[in-house]
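Asker: Take a look at the following structure, please.
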Amino acid sequence: MAIARLHLITPTTIDDAARAATDAALAAGVRWLQVRQKAGSDRRRLAVVAELVHRSHGTGGTCVVNDRADLAFAAGADGVHLGLDDLPVADARRLLGPDAVIGATCRDADDARRAQDAGASYLGVGPAYRSRTKTTGLPDPVGPAGIAAVAAAVRLPVIAISGITLDRVPELLDAGAHGVAVVAAVYGAERPGDAAAALLEAVGEATPAAETSR
């Protein structure tokens with residue numbers, strides 16, 4: 001499966017505002033959605049994940065689930081994105097099968113090589129900059145130089161994550177990133193659809209015919 005250049009990551013709690021912003025971004029042409037659902041019971045999480053998988057697939061997009069391979073499988077998602085403390089990539093691959101998308105969070109070239117060897121589909125590398133949505137528990141930002149070091153060490157697509165804004169996209173692509181992952185740049189925008197459209201243009205995935213919600 002081709003890895004998109006713009007990855008939209010949902011907030012950890014999906015409310016009506018997040019649903020509306022997600023729909024606006026999908027209407028603008030976003031075709032890669034990563035669902036983070038941290039609140040509620042597993043049954044409730046599954047219902048929310050399945051809903052967003054349906055919304056994403058309805059626009060021809062790809063949908064992966066943050067952290068939880070079991071929820072990804074049960075909801076019919078395309079795969080999972082794993083953090084450094086989550087299920088190992090090789091085990092997720094055995095569970096989800098050879099065609100599943102498996103993203104792996106990496107901080108440096110060593111992490112990246114291990115994830116590649118274990119069967120990851122792409123790498124989420126960061127924090128590229130200081131996060132606007134997660135203010136504690138992250139190491140120092142790696143910056144464009146850190147993104148470049150990882151991109152040079154592996155064959156997999158590198159997706160820069162954390163603190164991504166529209167004006168930072170060019171320097172990350174120049175550093176070797178395949179694309180970027182965003183949360184606040186869309187969900188924190190006054191017009192999420194317009195923000196998504198601008199990011200799509202910046203990464204080279206603009207779809208002029210898409211209907212942007214305003």
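Asker: Please tell me if residue 140 is open to solvent by less than 60 Å² (accessible area, probe 1.4 Å), among the acidic types (Asp, Glu) and without any contact (Cβ under 8 Å) to a residue 60 or more places away in the chain.
Answerer: Numbers: open to solvent by less than 60 Å² (accessible area, probe 1.4 Å): no; among the acidic types (Asp, Glu): yes; without any contact (Cβ under 8 Å) to a residue 60 or more places away in the chain: yes.
In short, no.
Asker: Determine whether the range 140-150 contains at least one residue that is in contact with a Pro (Cβ under 7 Å, 6 or more places away or on another chain), within 22 Å of residue 12 (Cα to Cα) and not β-branched (Val, Ile, Thr).
Answerer: Yes, the range 140-150 contains a residue that is in contact with a Pro (Cβ under 7 Å, 6 or more places away or on another chain), within 22 Å of residue 12 (Cα to Cα) and not β-branched (Val, Ile, Thr).
Asker: Give me the pairs: first residue in the range 80-91 and within 17 Å of residue 64 (Cα to Cα), second residue among the hydroxyl-bearing types (Ser, Thr, Tyr) and open to solvent by less than 70 Å² (accessible area, probe 1.4 Å), beta-carbon distance under 9 Å, and six or more apart or on different chains, which are they?
Answerer: If the second residue must be among the hydroxyl-bearing types (Ser, Thr, Tyr) and open to solvent by less than 70 Å² (accessible area, probe 1.4 Å), the pairs left are 81/105; 81/122; 82/105; 83/105; 84/105; 86/105.
Asker: Quick one: is residue 49 touching a residue at least 40 places away in the same chain (Cβ under 8 Å) and surrounded by 15 or more Cβ atoms within 10 Å (Cβ to Cβ)? Walk me through how you get there before you give the answer.
Answerer: Values: touching a residue at least 40 places away in the same chain (Cβ under 8 Å): no; surrounded by 15 or more Cβ atoms within 10 Å (Cβ to Cβ): yes.
No; evaluated as a whole, the condition is false for this residue.
The values are calculated or read from the model by the stated rules, or taken from the named source; none is laboratory data. Computed from a predicted structure; not experimentally measured. Note that we place each Cβ from the backbone using ideal geometry, even for glycine, and neighbour counts take in every protein chain shown. With ligands, DNA and RNA removed, areas are computed over all heavy atoms of the protein, side chains included. Shrake-Rupley method; radii C 1.70, N 1.55, O 1.52, S 1.80 Å.
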